[in-house]
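These notes are about the structure you will find just below.
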Amino acid sequence: MLTAVKIFVLLSGLWAVTALAGQVLLTWGGGRRDYSRRTGSPWRGVLYIFTVGMTPAHKESIRRHPAKFAVGFLMHLGVILALAVVVLLLGWPQTGGRALALLRPVMAIALLAGLYLCVRRLVSKDLRAMSVPDDYLAVFA
């Protein structure tokens, strides 16, 4: 039988998939014709963006702000670890419990990093102007 926590996690996952699917559909331009000329492989471009393209040698914002990059990296690492722990807790509760106990300090540091970035976003006039509600909800959800 499904517990309330499992139902909540499944509904949260369904909500996330639905929201991301909506964003993908909106990104495609709502059916508008694409007049751009394709060059190269889109998959190689995606691979580049999520690997080499994020290194300090290829991204000016990382070179100019290494401390902020490190804080953002810690926050995202915590998100990935938390998702992995949720999956473990759902599938293998004992293993998930051990992983949670082991990773709790790292996730606490990631939470502090996320809170710092959220406060920084609230305080900075420029960041506040370009922020959307999801930027804040992602930290507190």
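Observations on the model:
- Residues of the chain were split at every exposed loop site, defined as trypsin sites (Lys or Arg not before Pro) in a DSSP loop with at most 16 other C-beta atoms within 10 angstrom, and the longest piece left, sites excluded, is 60-141.
- Where only C-alpha atoms are counted, convex hull volume of segment 1-62 per residue in Å³: 179 Å³
- Lys125/Gln94 FRET efficiency (R0 41 Å; Cβ-Cβ; nearest 0.05): 0.25
- Taking the accessible area of segment 1-120, probe 1.4 Å, and keeping the other protein chains in place, the carbon and sulfur fraction comes to 73%.
- Taking a straight Cα-Cα cut-off under 16 Å and skipping sequence neighbours fewer than 8 places away in the same chain, the lysines within cross-link reach of Lys68 are Lys59.
- Exposure check, 1.4 Å probe, all protein chains in place: His58 carries approximately 100 Å² of accessible surface.
- Cross-link reach list, aspartates and glutamates versus Lys125, counting only Cα pairs under 18 Å and skipping chain neighbours closer than eight places: Asp134, Asp135
- Of (i) 2, 9, 15, 17, 13, 11, 10, 8, 7, 4, 2, 1; (ii) 2, 10, 22, 25, 21, 14, 5, 0; (iii) 2, 8, 10, 14, 17, 18, 14, 10, 4, 2, 0, the label for P(r) over Cα pairs in 5 Å bins from 0, in percent derived from the coordinates: (iii)
- Computed across segment 28-82, the Kirkwood hydrodynamic radius from all distinct Cα-Cα pairs reaches 13.9 Å.
- Per residue accessible area in Å² of segment 56-125, where ligands, DNA and RNA are left out and the probe is 1.4 Å: 70 Å²
- Among the chymotrypsin sites (Phe, Trp or Tyr not before Pro) in segment 38-141, those located in a DSSP loop and surrounded by at most 10 other Cβ atoms within 10 Å of their own Cβ are Phe50.
The values are calculated or read from the model by the stated rules, or taken from the named source; none is laboratory data. All values derive from a computational prediction rather than experimental measurement. In this analysis, Cβ positions are derived from the backbone assuming ideal geometry, glycine residues included, and neighbour counts consider all displayed protein chains. Calculation scope for accessible area: heavy atoms of the full protein, side chains included, ligands and nucleic acids excluded. Shrake-Rupley method; radii C 1.70, N 1.55, O 1.52, S 1.80 Å.
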